[in-house]
Each structure stands twice: as C-alpha cells, then as structure tokens.
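The next block holds one structure in the form of structure tokens; read it before the comments.
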Amino acid sequence: ALERAQTGTLHTLVRRGDWKSLHVDGDITVPPVAAQSHGQLRLAVGRLADLKDLLGTSVAGSLSGTVVLRSDQGHPHVELHLDARDLATGQFAGNAQLSAEGRTDALAFKLDAQLPNLRGAKADLSAGGSVDIDARKITVASAAANYRGQELRLLSAAQIALANGVAVDMI
C-alpha cells in the first residue's frame, strides 16, 4: 500500500512482497518534516539472476539489505546495510558489504569488497567516509586496496561534490 495523507505524509506498507527469489517487507512513514520519518524496509534477493530481464544484463549471486529510519534530535537518522554475496557480472565476481548510519547531513559509510579472482589474483578493497545527502557531497576519508601483493591507500581525504556537475577536491 502506498498512501499520501492530506497533510502530505507519505506512508508505504509492504506486508509481504514476493517475486521469484525476491522478498521485500516493511513499513516506512515520511511526513513533510523529514526529521519525523520512521520505519524500516527489508529486501532479499536470493538469486540475482532472476533480475536478468529487468536489468538487461546477466548477474548472479544474492543481495540482502535493510533500511531503518528514525528521528534523532529533530533530524532524520538512517541506518542502511547491504550485503552482496557471490556477486558476478561481466568480469567482476566477489562479495561486497555497504553499511551507513547517521543523520542525512552526516551519514557515515563503510564499503568493503572481496574479489577472489580479479584477473588471476585476489583483491580486497575498502573505503569509508561520509555523505551529506542535503548538500549532495561525499567525503572519502579512507580508501585502501590490496592487489597482487601491492598495498594502495588514499593519502588524504577527498570530497566529491555532486550538486552542480561533479567536482573532486582534496581536503
């Protein structure tokens, strides 16, 4: 059910949504004052291959995730967790995890990826930082990769602005 009240509040209720290996359920309410948003949504796709016709490309593996919204001292607070297992598309194959938590103007994130066979060698990637959804900015505070015995690290934080095109600056 998707309903917009006369007050402008948007309420989405999914008691149970199933299609092939896809499952979704949750209850999210977003009032005109976003800080009062609340609820949670869960998603699981047991076989990403089920989405081939929708995506127009072959993909394998599974995906699970949750989004939780709540108010935090008058500001919207978001918790997001995504986990991709045995993901395979094109020449990319591996696992990835994304977690984010915080207010929409300071949403801290951590991204990890494990690629067991990237052109014949194992690769591990990680990045962390924050996102300011309101200002459309991403700050990458740390990033590291290990590939073919080589360690790569971000030496200083970088900010990516998306408000008027794309701009990247060191901070």
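Rounded to the nearest 10 square angstrom, E151 shows an accessible area of 110 square angstrom against a 1.4 Å probe. Estimated from helical segments only, the mean residue ellipticity of the chain at 222 nm is -500 deg cm²/dmol, where each DSSP H run of four or more residues counts as -39500 (n - 2.57).
Electrostatic tally near V67: other residues with Cβ closer than 14 Å to its Cβ, Lys and Arg +1, Asp and Glu -1, net -3. As a length-normalised measure over Cα pairs under 8 Å and 6 or more apart, the relative contact order of the range 1-155 settles at 12 percent. Reported to the nearest whole Å, the Cα centre-to-centre distance from the range 4-51 to the range 101-171 is 27.
Per residue, the chain exposes 63 Å² of accessible surface when a 1.4 Å probe is rolled over the protein heavy atoms with every protein chain present. For the chain, just say rounded, prolate or oblate: build the C-alpha gyration tensor, square-root its eigenvalues into a ≥ b ≥ c, call rounded for a/c under 1.5, and beyond that prolate if a/b exceeds b/c, oblate if not. Note, shape of the chain comes out oblate.
The antiparallel fraction among DSSP beta bridges confined to the range 2-46 stands at about 100%. With one equal scatterer per alpha carbon and no solvent term, the Debye-computed log10 I(q)/I(0) for the range 32-114 at 0.20, 0.22, 0.26 1/Å reads -0.89, -0.97, -1.14.
Around H77, under 12 Å between beta carbons, what's the net of Lys plus Arg minus Asp minus Glu among the other residues? Net charge around H77: -2.
Of the heavy-atom accessible surface of the range 79-136 (probe 1.4 angstrom), what whole percent is carbon and sulfur? Reported share for carbon and sulfur atoms: 57 percent.
The values are calculated or read from the model by the stated rules, or taken from the named source; none is laboratory data. All values derive from a computational prediction rather than experimental measurement. No Cβ is skipped: glycine too gets one built from the backbone with ideal geometry, and neighbour counts run over all protein chains shown. In case anyone asks, the SASA skips ligands and DNA or RNA and just uses the protein heavy atoms, side chains included. Shrake-Rupley method; radii C 1.70, N 1.55, O 1.52, S 1.80 Å.
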